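Peer 1: Sharing a structure, written as structure tokens. Questions coming.
The values are calculated or read from the model by the stated rules, or taken from the named source; none is laboratory data. Just so you know, these numbers come straight off a predicted model, no measurement behind them. Don't worry about glycine lacking a Cβ; one is built from the backbone with ideal geometry, like all the others, and counts go over all protein chains shown. The protein model used for the area step is the full one, side chains on, heavy atoms only, and it has no ligands, DNA or RNA in it. Shrake-Rupley method; radii C 1.70, N 1.55, O 1.52, S 1.80 Å.
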Amino acid sequence: KSVLVEEDSHLVELLRYIHRNPVRAHICKSVSGYSWSSHHAYVAKTKQLEWLYTDLLLSMFSESPDKAISGYIKFVQGEDSTEIKDFFSKKILPSILGSRNFVEWVKAKFYQIKNHEEVPQSKDLAPTIIEIKKAVGIRYEIDTKELEETKRGQKNEPRDVAIYLSRKHSGLSLEEIGKQFGLIKYSTVSNVVRRIESQLADSNQLSGMVASVRQRMFLEQRKI
């Protein structure tokens, strides 16, 4: 899994964590004892690992090649930091390592490409259904519980907008979205999305409301 990091210190901490995995798993007693580790490329140039680019990370220890290698060896022999241990101890591994402000900056910076298939962290950056419902509730000035109510024959624009935005931004499947709104058939989600898309083409008022909800949704997400 890819991880976005805030500081150079986080990057070398990750490097040490990865190279110490065999030691942590009791496969070997030292980092150099594991034959298949990329660690060997950092301490000596070998033909088998010449494809691996190590200069950037080694330069973080020293500008002198010899001192950089010795600095790296000393560093990787040490224990992992508390921050790294806490990061990897989570049941669901986060995709962003850094301060709260850094996490918020990433969400704001890459908000428009949340569901891009080439962005590994897109699902982690996507807004949750809770955030979407809250944003809709605020803009329409209603209780979010109303977004889960189905009244036959009655129009429920806020609910339709919430479903539409969930489909566009949450990254969840039709079935998952349907469950969040108390819908038995996931095909209903598709019908709602098509209906809102059609209405958006003809209604400036609805377009303005959806844009407003999106803005609010973004603000709610940044609070996390």
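Peer 1: Consider region 27-43. How many of its residues are under 12 Å from residue 72 (Cα atoms) and without any contact (Cβ under 8 Å) to a residue 24 or more places away in the chain?
Peer 2: Number satisfying all stated conditions: 2.
Yes/no per residue for (1) part of a helix (DSSP H, G or I); (2) in contact with a Pro (Cβ under 8 Å, 6 or more places away or on another chain); (3) modelled with pLDDT of 90 or more; (4) over 13 Å from residue 132 (Cβ atoms):
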{"site": "158", "(1), (2), (3), (4)": "yes, no, yes, no"}
{"site": "163", "(1), (2), (3), (4)": "yes, no, yes, no"}
{"site": "172", "(1), (2), (3), (4)": "no, no, no, no"}
{"site": "178", "(1), (2), (3), (4)": "yes, no, yes, yes"}
{"site": "183", "(1), (2), (3), (4)": "no, no, no, yes"}
{"site": "194", "(1), (2), (3), (4)": "yes, no, yes, yes"}
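Peer 1: If you don't mind, there's one more thing I want to ask. How many residues does region 70-101 contain that are modelled with pLDDT of 90 or more, aliphatic (A, V, I, L, M) and open to solvent by 50 Å² or more (accessible area, probe 1.4 Å)?
Peer 2: The total comes to 1.
Peer 1: Also: State all residues of region 1-47 that are at pLDDT below 90, assigned to a loop (DSSP other than H, G, I, E, B) and in contact with a Gly (Cβ under 9 Å, 6 or more places away or on another chain); if no residue qualifies, say none.
Peer 2: 6, 7 - these are the residues of region 1-47 that are at pLDDT below 90, assigned to a loop (DSSP other than H, G, I, E, B) and in contact with a Gly (Cβ under 9 Å, 6 or more places away or on another chain).
Peer 1: Please identify the pairs in which a residue from region 190-206 that is closer than 19 Å to residue 173 by Cβ has its Cβ atom under 6 Å from the Cβ atom of a residue that is open to solvent by 30 Å² or more (accessible area, probe 1.4 Å) and not hydrophobic (A, V, I, L, M, F, W, C), counting only partners at least 6 apart or on another chain.
Peer 2: Matching pairs, first to second residue: 193/167.
Conditions tested, residue by residue: (1) surrounded by fewer than 20 Cβ atoms within 10 Å (Cβ to Cβ); (2) aromatic (Phe, Trp, Tyr); (3) more than 25 Å from the chain's Cα centre (by Cα).
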{"position": "164", "(1), (2), (3)": "no, yes, no"}
{"position": "168", "(1), (2), (3)": "yes, no, no"}
{"position": "182", "(1), (2), (3)": "yes, no, yes"}
{"position": "188", "(1), (2), (3)": "yes, no, yes"}
{"position": "212", "(1), (2), (3)": "yes, no, no"}
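Peer 1: Taking only region 53-84 into account, find how many residues are under 28 Å from residue 100 (Cβ atoms) and of a type in the set (D, E, K, R).
Peer 2: 3
Peer 1: Hey, can you tell me all the residues within region 52-69 that are outside any helix (DSSP H, G or I), under 29 Å from the mean Cα position of the chain (by Cα) and more than 17 Å from residue 16 (Cβ to Cβ)?
Peer 2: Answer for region 52-69, where residues must be outside any helix (DSSP H, G or I), under 29 Å from the mean Cα position of the chain (by Cα) and more than 17 Å from residue 16 (Cβ to Cβ): just 53.
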